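Scroll down for the structure; my scribbles are underneath it.
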Amino acid sequence: MKWTRRALKQQAKRAIAAHYSVTAIAFIIYIAVSCVIGQCYGAMSRTSFRPVMGLLGLVLMIFVVNPLSVGAARLVLNNREGRAQVSDLFFGFKNHYGNVVKTLFLMYLFIGLWSLLLIVPGIIKSYQYYFVSFMLAEDPAIDRSAAFNRSKAMTDGYKGDIFVLTLSFIGWGLICSVPLMIGMRSVGAVSVLLTLAAYVYSALWLSPYVEQTNAELYIAMKAIKAEGYDGGDRGAAV
């Protein structure tokens, strides 16, 4: 069995199209919460309360945004089977919340520590842990070491291909980031409209598209590792 970027993206588009309303509502909530936390942290960190707000922003990321990311992974996995619900977004809060928080905290901590050494080791480590959120979405009680080791095994020999898959979304990302950057440097109504447009675009299309493609990749890699297949052409076609 092998995968191509084109096939993964086509499968992702079909899954999203079949359950778009549920996907859109869930990601509007997900992006809104993430952005509100990020914007508040960014604004307040420039004030005299910077140390306190920096700590608060970190706490909210660990205890709110990270579990939501597991819920988003759960939703797109269920999307593939036609049983996604908006409530899937809160899966990480309702199922072994402590383990979800601990596992993702340690994952980002390790990535951060490796990044302090050099950028490249940090990037490599982030791709080693690429599937941890999906593993928690399937089994929120999974041991942290087991999740890390399984993700490392699944990405072994494929990190370069996964990196190229990530790069293939750059064009879509620019559509979002350019108006966002302009909006952040503008004032008044223009700033509000451009920033809002970027967030809406991310919630209604970009984030679901990327996340659903990653879900398709996760399932494909599980099948490849289960079969012991390590053939070529996996990254061919965009």
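The values are calculated or read from the model by the stated rules, or taken from the named source; none is laboratory data. Please read these numbers as outputs of a predicted model, since none were measured by experiment. Reconstructed Cβ throughout: ideal geometry from the backbone, glycine too, with neighbour counts over all protein chains shown.
Only a single criterion out of (1) of a type in the set (D, E, K, R); (2) closer than 30 Å to residue 18 by Cβ; (3) surrounded by fewer than 19 Cβ atoms within 10 Å (Cβ to Cβ) is not satisfied by residue 88, namely (3).
Scanning segment 84-116 for residues that are closer than 16 Å to residue 148 by Cα and of a type in the set (A, V, I, L, M) gives 100, 101, 104, 106, 107, 109, 111, 113.
Within segment 85-93, one or more residues are over 17 Å from the mean Cα position of the chain (by Cα), part of a loop (DSSP other than H, G, I, E, B) and touching a residue at least 24 places away in the same chain (Cβ under 8 Å). For residue 168, are the conditions met, namely being at negative phi, among the hydroxyl-bearing types (Ser, Thr, Tyr) and modelled with pLDDT of 85 or more? It is true that residue 168 is at negative phi, among the hydroxyl-bearing types (Ser, Thr, Tyr) and modelled with pLDDT of 85 or more. On inspection, residue 112 does not qualify as more than 27 Å from residue 19 (Cβ to Cβ), loosely packed, with under 13 Cβ neighbours inside 10 Å, in contact (Cβ under 8 Å) with a residue 40 or more places away in the chain and out of contact with any helix residue (DSSP H, G or I) (no Cβ under 6 Å at 6 or more places or on another chain). The residue that is farthest from the chain's Cα centre (by Cα), among those in segment 124-154 that are surrounded by 15 or more Cβ atoms within 10 Å (Cβ to Cβ) and aliphatic (A, V, I, L, M), is 142. The set of residues from segment 120-157 being more than 18 Å from residue 95 (Cα to Cα) and charged (D, E, K, R) comprises 125, 150, 152, 156. Pairs meeting the criteria (first residue in segment 149-169 and more than 9 Å from residue 131 (Cβ to Cβ) and of a type in the set (Asp, Glu), second residue modelled with pLDDT of 95 or more and outside any loop (DSSP other than H, G, I, E, B), beta carbons under 9 Å, at least 6 apart or on different chains) are 156/128; 161/5.
Based on this model, can you work out whether residue 32 counts as part of a helix (DSSP H, G or I), under 15 Å from the mean Cα position of the chain (by Cα), loosely packed, with under 14 Cβ neighbours inside 10 Å and modelled with pLDDT under 95? Please lay out each step first, then the result.
Numbers: part of a helix (DSSP H, G or I): yes; under 15 Å from the mean Cα position of the chain (by Cα): yes; loosely packed, with under 14 Cβ neighbours inside 10 Å: yes; modelled with pLDDT under 95: yes.
Taking the combined requirement at face value, the residue satisfies it.
Checking each residue in segment 106-129 for being out of contact with any Phe, Trp or Tyr (no Cβ under 7 Å at 6 or more places or on another chain), farther than 22 Å from residue 59 by Cα and not hydrophobic (A, V, I, L, M, F, W, C) picks out only 128.
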